Amino acid sequence: MKTPVLPRYARNFQSISLEEQERLASARVCVVGLGGLGGGVVEMLARIGVGSLDLVDGDCFDETNLNRQLFSSEKDLGVPKAHVARKRVGAINSTVNVNVFNTFLNRRNAQEIMGHAQVVVDCLDSISHRFLLQELAQTRNIPLVSGAIAGTAGQVTVIYPGDPGFKLIYGDPYDNKSSGIEEQLGNLAHCALLVASLQSSEVIKVLLGRGEVLQNRLLVCDLMTNSFEVMQLV
Amino acid sequence: MISIDLNLFATLRSFLPDAPKTMTVSQGTCVMDLVTKFGIPEEDVKLIFINGKRELLSYVLKDNDRVGIFPPVGGG
């Protein structure tokens, strides 16, 4: 793909080289979940110039999404999130190839939805579904960039095939409630978009093969106390 | 006695509102003893970090350890 010379990427240089911009243009990323985290991740990956995006969510926007989900708007209440995401990416960057799946990822459709991606981004909102997504990504040898939020707290990690992954963060997959403390604390726009930014940064580093990636490490932050720490998981 | 720094995150902060807090505990105290002492429900403890490294409830504390305890975070 020869789109990177477009003036739209002029401000990416020199932080990203021309060769790296071309690499992003040939990259394909699957974003699973198009809510608070997913909307931010898709917006940033489209702007920076990731060439192909596979976008997955079976939900429609409702009024409770408006406080934080970037792609939600009053006029699109009731509209599938995947359809709004396609429209938004097209409006931001028409050079991006977009495939949308207005469905939820499962074992049956996983190959079709995520089988072509170089990186999968976990923007889900349930712990049990994260374990399934990790299994689906690892069996396909695809790195997974995961983010999660609750109130003013957030966390980000990167799970490669063969890594222990979520069991180090959430414990036994069969000994977990489907939700965490977000049930008590809700989700806030500024925290969602901060964590989406951190996830986008990890995606770019994985695709470009440079920088420190959060493999086997967990970045935890709490905006109420301005604490940011990177913890070693193994 | 040994000195530790204890930090509780997100919902757990209600069990120790002025965290992070430096405190003294007796030799041989493990993380589970701290969880019990502050009345934190065990099912709310998902991650324990000692000096930035993941450890288990059975970890026996050492002098000057920095202890962080996290609840499960799963929202998106």
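None of the figures in this text is laboratory data; all of them are computed from the coordinates on show. Source: prediction; values computed, not measured. Don't worry about glycine lacking a Cβ; one is built from the backbone with ideal geometry, like all the others, and counts go over all protein chains shown.
Computed from backbone phi, the HN-Hα couplings of the range A:74-89 come to 4, 6, 9, 4, x, 8, x, 4, 4, 5, 5, 4, 4, 5, 5, 4 Hz, rounded to whole numbers (Karplus: 6.51 cos²θ - 1.76 cosθ + 1.60, θ = phi - 60°; Gly and Pro given as x).
What size of dipole, in debye to the nearest 20, comes out for chain B about its Cα centre when the only charges are +1 on Lys and Arg C-beta atoms and -1 on Asp and Glu C-beta atoms?
Here the size comes out at about 160 debye.
Count Lys and Arg as plus one, Asp and Glu as minus one, and take only other residues whose Cβ is under 9 Å from that of A:ASN65; the net charge is then -1. Residues of the range B:59-73 falling in the label zone of B:GLU42, defined by backbone nitrogen less than 19 Å from a point 7 Å along Cα to beta-carbon, are B:59-61, B:69-72. The chymotrypsin sites (Phe, Trp or Tyr not before Pro) found in chain B that occupy coil by DSSP, while having at most 15 further C-beta atoms within 10 Å, are B:PHE38.
Per residue of A:143-153, how many C-beta atoms from partner chains lie within 10 Å of its own C-beta, taken as a mean?
What the average comes to for A:143-153 is 3.
Report the local net charge at B:TYR59: Lys and Arg +1, Asp and Glu -1, summed over other residues whose C-beta lies under 12 Å from its C-beta. Residues near B:TYR59 contribute 0 overall.
Of the cross-linked pairs A:LYS167/A:LYS205; A:LYS177/B:LYS53; A:LYS87/A:LYS177; B:LYS21/B:LYS53, those separated by over 27 Å at the C-alpha level are A:LYS87/A:LYS177. Inter-chain neighbour count for B:65-73: the average number of beta-carbon atoms from partner chains within 10 Å of each residue's beta-carbon is 6.
Taking label positions 7 Å along the Cα-Cβ direction at both A:GLU74 and A:GLU229, the computed distance is 4.3 nm, reported to one decimal. State the answer as a single residue: which of A:VAL42, A:ASN67, A:ALA82 lies farthest towards the positive end of the charge dipole of the range A:1-94, with beta carbon charges of +1 for Lys and Arg and -1 for Asp and Glu, about the Cα centre. Working it through, the farthest residue towards the positive pole turns out to be A:VAL42.
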